[in-house]
1. Give Arg145, Arg169, Arg179 a once-over and let me know the one that is open to solvent by 30 Å² or more (accessible area, probe 1.4 Å), in contact with a helix residue (DSSP H, G or I) (Cβ under 6 Å, 6 or more places away or on another chain) and over 20 Å from Glu58 (Cα atoms).
2. Among the residues of the range 14-47, how many are closer than 23 Å to Arg74 by Cβ, in a loop (DSSP other than H, G, I, E, B) and at pLDDT 90 or above?
3. Got a number for residues in the range 41-93 being of a type in the set (Asp, Glu) and touching a Gly at 6+ places or on another chain (Cβ under 8 Å)?
4. For the range 73-119, name all the residues that are surrounded by 20 or more Cβ atoms within 10 Å (Cβ to Cβ) and of a type in the set (A, V, I, L, M).
5. Could you identify the single residue in His160, His134 that is open to solvent by 70 Å² or more (accessible area, probe 1.4 Å) and either at pLDDT 95 or above or of a type in the set (Val, Ile, Thr) (or both)?
6. Given the structure, is Thr12 of a type in the set (S, T, N, Q) and either open to solvent by 60 Å² or more (accessible area, probe 1.4 Å) or in contact with a Phe, Trp or Tyr (Cβ under 6 Å, 6 or more places away or on another chain) (or both)?
7. Starting from residues that are open to solvent by less than 60 Å² (accessible area, probe 1.4 Å) and among the aliphatic types (A, V, I, L, M), keep the ones in the range 38-67 and report whichever is farthest from Leu161 (Cα to Cα).
8. Give, as residue ranges, the strands (runs of 3 or more DSSP E) completely inside the range 64-183 that count at least 2 residues that are touching a residue at least 40 places away in the same chain (Cβ under 8 Å), farther than 26 Å from Ser7 by Cβ and among the hydroxyl-bearing types (Ser, Thr, Tyr).
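The values are calculated or read from the model by the stated rules, or taken from the named source; none is laboratory data. Being a predicted model, the structure only gives us computed values, none of them experimental. Glycine gets a Cβ as well: all are built from the backbone with ideal geometry, and neighbour counts include every protein chain shown. SASA here: full protein model, heavy atoms, side chains in, ligands and nucleic acids out. Shrake-Rupley method; radii C 1.70, N 1.55, O 1.52, S 1.80 Å.
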Amino acid sequence: MIKLRKSDERGTGDQGWLLSRNTFSFGDYYDCACMGAGPLRVINEDWVKPSMGFGMHEHREVEIVTWMMSGAMRHEDNLGNSAILQAGDLQRMTAGTGIRHDERNPSPQARAHFLQFWMEPDYPNLPPSYQRAHFDTCLLHNTLRQVAGGRPPEGAVTLHLDASLWIGRMDEHAELTHRIEPG
């Protein structure tokens, strides 16, 4: 069963330059009843102040997917990837055996707003990798679109686990039915 956890029910973190809403236990927020779901470990909604961000840091053995909702974030990593993510951009970073990266809001005026998902891959010791895609947010109105998965459709990013990520922008009273495939 899927349990809806509304924004105001999630944990919060405020670092001054970073405001977070945490669906599961993460950072300073701890809730023993919300430790993740299967391979999904993190769903954070983050707001980063202008010209601020996360300095160079390392991750291992995790898939990190970032969905930009508004503003921009600059990504640079030790594999040579460099990009400025904007609304509608989806980025997948496979940390695998280890990746170092820097994430910063390049704007001197606008906040960056994004969702971040951390998932455990099906296999350990994957080589680090990076992938990015753009999705027209107008096409996400009151519908769901698969944007990532272990067997992604054309244009979506690849996850190294048996999972799929769907995104939509729903009006307040809109309803839709999404059939979950067996398994």
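1. Arg169
2. The qualifying residues number 3.
3. Of the residues in the range 41-93, 2 are of a type in the set (Asp, Glu) and touching a Gly at 6+ places or on another chain (Cβ under 8 Å).
4. Of everything in the range 73-119, those that are surrounded by 20 or more Cβ atoms within 10 Å (Cβ to Cβ) and of a type in the set (A, V, I, L, M) turn out to be Met73, Leu85, Leu90, Met93, Ala95, Ile99, Ala112, Met119.
5. Just one listed residue meets the conditions, His134.
6. Yes, satisfied.
7. Quick first cut of the range 38-67, residues open to solvent by less than 60 Å² (accessible area, probe 1.4 Å) only: 38-40, 42-48, 50, 53-55, 57, 59, 62-67.
Then keep just the ones that are among the aliphatic types (A, V, I, L, M); that gives 40, 42-43, 48, 62, 64-65.
Working: Leu40: 10, Val42: 15, Ile43: 16, Val48: 29, Val62: 10, Ile64: 12, Val65: 13 Å.
In this case the residue turns out to be Val48.
8. On the way: elements: 72-77, 82-86, 89-94, 99-104, 112-119, 129-134, 145-149, 164-167.
Passing ranges, in order: 129-134.
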